[in-house]
1. Using θ = phi - 60° and the Karplus relation 6.51 cos²θ - 1.76 cosθ + 1.60, list the HN-Hα couplings for the range 236-252 in order, rounded to whole Hz, with x at every Gly or Pro.
2. Cα to Cα, under 16 Å, and not fewer than 8 places away if on the same chain: which lysines meet these conditions relative to residue 65?
3. Can you work out the base-10 log of I(q)/I(0) for the chain at q = 0.07, 0.12, 0.13 1/Å, using the Debye formula on its C-alpha atoms alone?
4. Considering all projection directions equally, how large on average is the shadow of the alpha-carbon convex hull of the range 131-238, in square nanometres?
5. Relative contact order, percent, of the range 71-217 when contacts are C-alpha pairs under 8 Å separated by at least 6 residues?
6. What are the ³J(HN,Hα) couplings of the range 168-185, residue after residue, when phi is run through the Karplus curve with 6.51, -1.76, 1.60 and θ = phi - 60°? Round to Hz, x for glycine and proline.
7. List the residues, sorted by chain then number, that are 5 or more residues from residue 183 or on another chain and whose placed amide H is less than 5 Å from its amide H.
8. Taking Cα pairs under 8 Å and at least six residues apart, what relative contact order does the range 5-65 come out at, in percent?
Amino acid sequence: MTITFADLTTMRIGGPVGRLLAPQSTKHVIELLCELGGDEDPLLVMGGGSNLVVGDIGWHGTVVKMASTDLEIDGDLVTAAAGVEWDHLVHTTLSEGLTGLETLSGIPGSVGGTPVQNVGAYGTLTSDLLDSLSVYDREAGLLERWAPDRCGFGSHRQSVFKHSDRWVVTDVTFRLKRGTQSKPIEYALLAETLGIDIGGTAAPADVREAVLALRRDRRMVLDPRDHDTWSVGSFFINPVLEEVPARAAQCPSYYDIKGVKLSAAWLIHNAGFAPGYGLDWGNGTVALSSRHALAVTNRGGATTSDVMKFAAHIRDGVEACFDIRLGPECDLVNCSY
Ligand SMILES: Cc1cc2nc3c(=O)[nH]c(=O)nc-3n(C[C@H](O)[C@H](O)[C@H](O)COP(=O)(O)OP(=O)(O)OC[C@H]3O[C@@H](n4cnc5c(N)ncnc54)[C@H](O)[C@@H]3O)c2cc1C
């Protein structure tokens, strides 16, 4: 049976996979990457497929889907292999009395995928807790141990790993804390849900439950029965601009080291695309999530071409309104919009 990216990604779209390899341990991952070094086939590394959109033509080379499950706790340091499911790591660390990752509960994907776009939610970024990571340099054929300052974090959702096939993350070490209280909760909606003041703390398990409840409400926890979750999370990235066009002056804005970060959700909504928009557009297979304006969703039977046309329609509408061109937050492979 032919395996397709529709089988391997959370948006459930994309064509056939040339050759699929799923190494089960970090040792196996490294052996495989060394072997494939001289291979002429193009290589695509992936984890949970939750931030990846592949074209209908698929990928004719080799796909390495991280399936390594090694997980080690040494005092406050936790090292997880790239293939460990992210939320399994969060749940395990909390069960072991370690705090830090609780606000990152419920995010799909793999441990190795999180540094790629410096995953973040509810006031915490991967980089806040990162101690070090192992990286295989495919150009040099070397395995290296990196400190966070080599990763190129800084501007919103950026890192040296994003849009590069040179480096493969093979494991990640987080420095957490032992304790019974979370770090101070700065995210207003989360503090309100927990019934605490902004800057207050709560039991880490309660923070996890509150985050999961908020995420479920926004359809940001995967559920195979709910098409609102057949997505890559945010398809569009919050734009970072040096100068905000006058027409977008009302848009909520935040500091970014490269300028001003604007809310893509606000721009989309105020360009006339409310959550749920799209079911009567095109052939009805793609729409914005009914609960999240940034999430382009597959309503069943969508192709990558359908998704790209729809995303371009939203992008063009926003540009016509605000003179700002939205880019994708997810990785587009063999497709563009
Ligand atoms: C419902 C939903 C909610 C989401 N919520 C959030 C959120 O709150 N915050 C957030 O930041 N993101 C969110 N996301 C996006 C996504 O879950 C994260 O970006 C996740 O970390 C991607 O991991 P993955 O293993 O699925 O990566 P994949 O989708 O498999 O790959 C994404 C990219 O990373 C590369 N990659 C993957 N693994 C490695 C590796 N080991 N080494 C080098 N490169 C690699 C791939 O080549 C590809 O370019 C959400 C997605 C969904 C579907």
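1. 9, 8, 4, x, 10, 10, 6, 9, 8, x, 3, 5, 9, 4, 7, 5, x
2. Result set, ordered by chain and number: 27.
3. Those come out to -0.29, -0.89, -1.05, one per q.
4. For the range 131-238, the mean projected area of the Cα convex hull comes to 9.3 nm².
5. Dividing the mean separation by the residue count of the range 71-217 yields 27 percent.
6. Karplus values, whole Hz, x for Gly and Pro: 10, 7, 9, 7, 9, 10, 10, 9, 10, 10, 8, x, 10, 10, 6, 6, x, 8.
7. Correct list: 100.
8. 54 percent
Read the figures in this text as sums done on the coordinates, not as results from a lab. Keep in mind that what you see is a predicted model, and the values were worked out from it rather than measured. Positions of Cβ are generated from backbone atoms using ideal geometry, with glycine treated the same way; all protein chains shown enter the neighbour counts.
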